[in-house]
1. Quick one: dipole size for the chain, taken about the Cα centre, charges +1 on Lys/Arg Cβ and -1 on Asp/Glu Cβ, in debye to the nearest 20.
2. Got a sec? How would Asp278, Asp327 order by Cβ neighbour count within 10 Å, fewest to most?
3. Who wins for biggest fluctuation among Ala25, Ala321, Ala92 in a Gaussian network model of the chain, springs between alpha carbons below 10 Å?
4. How large is ³J(HN,Hα), in whole Hz, for each residue of segment 132-146 in order, when computed from phi with the Karplus curve 6.51 cos²θ - 1.76 cosθ + 1.60 and θ = phi - 60°, using x for Gly and Pro?
5. Please find the FRET efficiency linking Met1 to Asp265, where r is the Cβ-Cβ separation and R0 is fixed at 41 Å, and quote it to the nearest 0.05.
6. If each of Asn146 and Gln47 carries a label point 7 Å out from its Cα toward its Cβ, how far apart are those two points in nm?
7. By how many degrees, 0 to 90 and rounded to 10, does the Cα axis of helix 91-106 deviate from the longest principal axis of the chain?
8. Please list the non-local residues whose amide H lies under 5 Å from the amide H of Thr4, H modeled 1.01 Å from N, same-chain partners needing a gap of 5 or more.
Amino acid sequence: MQDTFIQAYPKILQPSVVVAGLWLAHGDEPLLSQWLVDAMRPHWHRQNYAIKRIELISTKSWQDVLSELGSQSLFDDASGVIVTGNHKPDKAVIAELERFAQEAQSGAHSHSLLWLTPKQDKRAKSSKWFAPFAQYGHVIDCNLYNEQQRQQLLQIQAQNFGLKLSQDAWQMLMSHTEHHLLSAYQTLWRLSYLFAPQLMTNEDLSNQANGQPTQPTSNIALDIQDLQEALVSDAQFSVFDLSDAMLTGNSSQVAKILFQLKATDEPTTLVLWAISKDMRQIMQLMDGQDPQSLGIWRSKQGLYQQACRRQTKAQTNEWPALLYRCDQAIKGLIRQPAWELLLQAALELSGKRLFTDR
């Protein structure tokens with residue numbers, strides 16, 4: 001059976017999953033492979049497995065794997081072997097793996113083998129060594145192919161931590177962590193200690209500290225302001241103050257706030273997120289969209305309408321290119337300083353154009 005990680009991971013978190021038999025996880029996202037091991041480890045512990053890791057240093061290492069799976073212990077009911085390395089089994093080992101998987105399916109034993117490999121292409125999947133895993137075991141594709149899958153997976157982790165983020169909070173989180181999976185996960189982890197520890201038992205907190213999934217009884221809802229506070233800024237001003245100054249057209253205050261944010265090392269990704277969010281909403285409003293459908297708070301709708309009246313269609317048409325340059329500067333792809341471009345973008349939103357000959 002072959003699944004993507006997104007499909008397989010929630011199933012493995014269920015207490016009733018059967019872990020005996022062959023498992024193959026292939027991919028170029030090491031974090032996903034580690035999450036898979038963390039998800040299986042509680043099942044192995046509950047079923048009294050002896051867990052061992054074996055690194056394949058050559059094809060002959062597979063004999064060590066088979067020997068470990070065939071060993072009997074007076075203290076453990078079965079073996080759970082985590083195999084790493086990319087050395088493929090030979091013909092004789094393939095036959096043994098096939099027999100092992102068939103016996104696991106029939107209930108003759110409850111041993112478990114999890115092989116973690118780099119991403120396998122179509123040619124590898126048609127090889128003989130792949131067949132026992134695909135036909136009698138579980139093959140999990142540990143790769144993320146689009147941004148939607150990344151957020152989907154992080155939502156599962158947020159739920160495991162007892163958190164539920166609003167859509168705006170998700171957008172801020174992904175922007176702040178530059179769409180980096182590990183950084184976003186670590187931020188969720190920190191949030192769980194700030195907002196959700198009261199939902200967890202001591203065992204849950206111990207599991208969380210060891211990187212294992214937890215199952216809180218309910219979820220804490222977090223909005224964009226909760227996330228902003230948790231990102232721990234030392235600035236006198238926040239990006240919300242910047243947003244208010246831009247929308248009211250107070251260009252001197254915009255400059256003051258930007259300089260303060262820069263001096264206190266506010267993440268440039270967070271500043272860009274605030275500017276791009278307001279710019280996109282203004283462009284959508286000028287295209288005739290309803291402010292309520294865009295999620296703009298009633299108390300701020302007047303500010304957005306005021307900002308729209310300061311702009312022309314020709315001016316806002318240039319904003320996407322400016323935002324793109326800001327993003328490039330933050331990532332170091334162009335030499336222009338990121339804070340210089342962020343100031344230009346923020347002032348343009350406030351109605352103050354630095355350059356009129358573009």
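Every number in this text was worked out from the coordinates using simple rules, so none of it is lab data. Because the structure is a prediction, the values reported are computed rather than measured. Don't worry about glycine lacking a Cβ; one is built from the backbone with ideal geometry, like all the others, and counts go over all protein chains shown.
1. For this selection, approximately 820 debye.
2. Asp327, Asp278
3. Ala92
4. Result, ordered by residue: x, 5, 6, 7, 10, x, 10, 10, 10, 7, 8, 9, 10, 9, 7 Hz.
5. Efficiency computed from Cβ-Cβ geometry: 0.25.
6. Placing both labels 7 Å along Cα→Cβ, they lie 3.5 nm apart.
7. The angle comes out at about 90 degrees.
8. Long-range HN contacts for Thr4: Asp141.
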